[in-house]
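Peer 1: Please read through the structure below; I'll follow up with questions.
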Amino acid sequence: MNYVKNIMLAVLCCMLLISCAGQPPADTDITKVTVVLDWVPNTNHTGMYLASDLGYYKQEGLELKIIQPPEDGAVMLVASGRADFGVSFQEELAFALTADEPLPVTAVAAILQHNTSGIISLKEKNIQSPKDMQGKVYATWDAPVEKAILKNVIQTDGGDYAKVKMIPTTVTDVAAAIQTDIDAVWVYYGWDGVALEHKEIATNYFAFKDINPVLDFYTPIIIAGNDFLSNNADIAEKFLYATSKGYEYAVQNPTEAAQCIVDNVPELDIAIAEKSQDYLSGQYIADAPVWGVIDTNRWAAFYNWLYDNGLITRQLGEKGFTNKYLPNPTKP
């Protein structure tokens, strides 16, 4: 009888072991990871929401918490260790790295492969290229790098930057702004541009990267604190592996991706989200070998341009990023 009981006990143990095999890590094994966004949640962030909803983070033993940025921005929160990862921009990172007290942060992935920003205007204003902004009213947020970029593309196109009427204003509704006394606005086409398309507002648009390839900088990017990366390389790799799967899923399934971001952010318009995801499905990876990879030459070219134009005080070149935590890393 004892022999039979022992056999039954052994079988039961085997069954328990088999049932546990391949299961996600127990809750006690879950590592909580915090990501601070650059702005309100939008389709630039969809890959992370997908990775969370589809269980990709959980499969890596991670639990993601997404928070919105404080007034002093995502970079400061990441640098201080109050967030593990953050969403930022290459130009913003340049100022963080060249401050009197440089912030200890590093870019670890590019959310989009190319700069999708540029200038948009009503078609009736006839601003077909940068030089056509002469005599027109532009809504500026008075940032030195913004003005330098605008000046560069206008001069490159043969125009006179001094003849542009710069009106300091904060634009929260592009459609409303360009139908008032504002002729031209800087937008990220992946949301504001497609939103105007959806509203059937006829516009002209030019992208900065099409005027000057040096302006094809990385925006947005994912950053992490240097101490965090040094002490938690495995977590960084797991996070970026799961995140890459989320963005790859968004590329292949833009309609589902749109529904995911709207489910998580109900205030977003589903029709605009769908149009945005259709557009961004070709931008998340684009011509790169894998999602997230940052090209050394493009990165350095923009930082060299910032330095040459007196926008940063120290030469950065290739500094400030790494690809080594990505699933298919390339140097550096």
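Peer 1: So which helices (runs of 4 or more DSSP H) are wholly in the stretch 133-238 and hold at least 1 residues that are hydroxyl-bearing (Ser, Thr, Tyr), buried (at least 20 other Cβ atoms within 10 Å of the Cβ) and in the same structural domain as Ala83 (by TED's automatic domain parsing)? Steps first, answer last, please.
Peer 2: Working: elements: 144-156, 174-177, 194-198, 208-211, 226-231.
Per the criteria, no element qualifies.
Peer 1: Output the residues belonging to the stretch 3-60 that are at pLDDT 50 or above and among the charged types (D, E, K, R).
Peer 2: Result: Asp27, Asp29, Lys32, Asp38, Asp53, Lys58, Glu60.
Peer 1: Something else about it: Going by what's in this entry, would Gln113 be described as farther than 21 Å from Val75 by Cβ and either crowded, with 20+ Cβ neighbours inside 10 Å or out of contact with any strand residue (DSSP E or B) (no Cβ under 9 Å at 6 or more places or on another chain) (or both)?
Peer 2: Against the criterion (farther than 21 Å from Val75 by Cβ and either crowded, with 20+ Cβ neighbours inside 10 Å or out of contact with any strand residue (DSSP E or B) (no Cβ under 9 Å at 6 or more places or on another chain) (or both)), Gln113 qualifies.
Peer 1: For the stretch 80-107, which positions are among the acidic types (Asp, Glu) and in contact (Cβ under 8 Å) with a residue 12 or more places away in the chain? Let's see the steps before the verdict.
Peer 2: Of the stretch 80-107, the ones among the acidic types (Asp, Glu) are 84, 91-92, 100-101.
If the condition is that a residue be among the acidic types (Asp, Glu) and in contact (Cβ under 8 Å) with a residue 12 or more places away in the chain, then Asp84, Glu91, Glu92 are the ones that fit.
Peer 1: Only one of Ala184, Ala207, Ala143 is in contact (Cβ under 8 Å) with a residue 60 or more places away in the chain, under 29 Å from Arg298 (Cα atoms) and under 23 Å from the mean Cα position of the chain (by Cα). Can you tell me which?
Peer 2: Values: Ala184 fails: under 23 Å from the mean Cα position of the chain (by Cα); Ala143 fails: in contact (Cβ under 8 Å) with a residue 60 or more places away in the chain.
On inspection, the qualifying residue turns out to be Ala207.
Peer 1: Taking the stretch 306-332 as the region of interest, how many residues are in contact (Cβ under 8 Å) with a residue 24 or more places away in the chain and assigned to a helix (DSSP H, G or I)?
Peer 2: Result for the stretch 306-332: 1.
Peer 1: Something else now. Output the number of the condition that Tyr303 fails; it satisfies all remaining conditions of (1) in a helix (DSSP H, G or I); (2) more than 22 Å from His114 (Cα to Cα); (3) not aliphatic (A, V, I, L, M).
Peer 2: (2)
Peer 1: In the set Leu280, Leu326, Leu311, which member is farther than 23 Å from Glu256 by Cα and within 19 Å of the chain's Cα centre (by Cα)? Don't jump to the end; show me each part of the working.
Peer 2: On the way: Leu280 fails: farther than 23 Å from Glu256 by Cα; Leu311 fails: within 19 Å of the chain's Cα centre (by Cα).
Exactly one residue qualifies, and that residue is Leu326.
Peer 1: Given the conditions (1) assigned to a helix (DSSP H, G or I); (2) without any contact (Cβ under 8 Å) to a residue 60 or more places away in the chain, which single one is not true for Pro266?
Peer 2: (1)
Peer 1: Looking at (1) among the charged types (D, E, K, R); (2) in the same structural domain as Pro289 (by TED's automatic domain parsing); (3) over 27 Å from the mean Cα position of the chain (by Cα), which is the only condition Glu101 fails?
Peer 2: (3)
Peer 1: Let me ask something else about it. For the stretch 47-64, what are the residues that are surrounded by fewer than 20 Cβ atoms within 10 Å (Cβ to Cβ) and farther than 18 Å from Asp234 by Cα?
Peer 2: Of everything in the stretch 47-64, those that are surrounded by fewer than 20 Cβ atoms within 10 Å (Cβ to Cβ) and farther than 18 Å from Asp234 by Cα turn out to be Asp53, Leu54, Gly55.
The values are calculated or read from the model by the stated rules, or taken from the named source; none is laboratory data. Just so we're clear, the structure is a prediction, and the values are computed from it rather than from any experiment. All Cβ positions, even for glycine, are placed from backbone atoms using ideal geometry, and neighbour counts span all protein chains on display.
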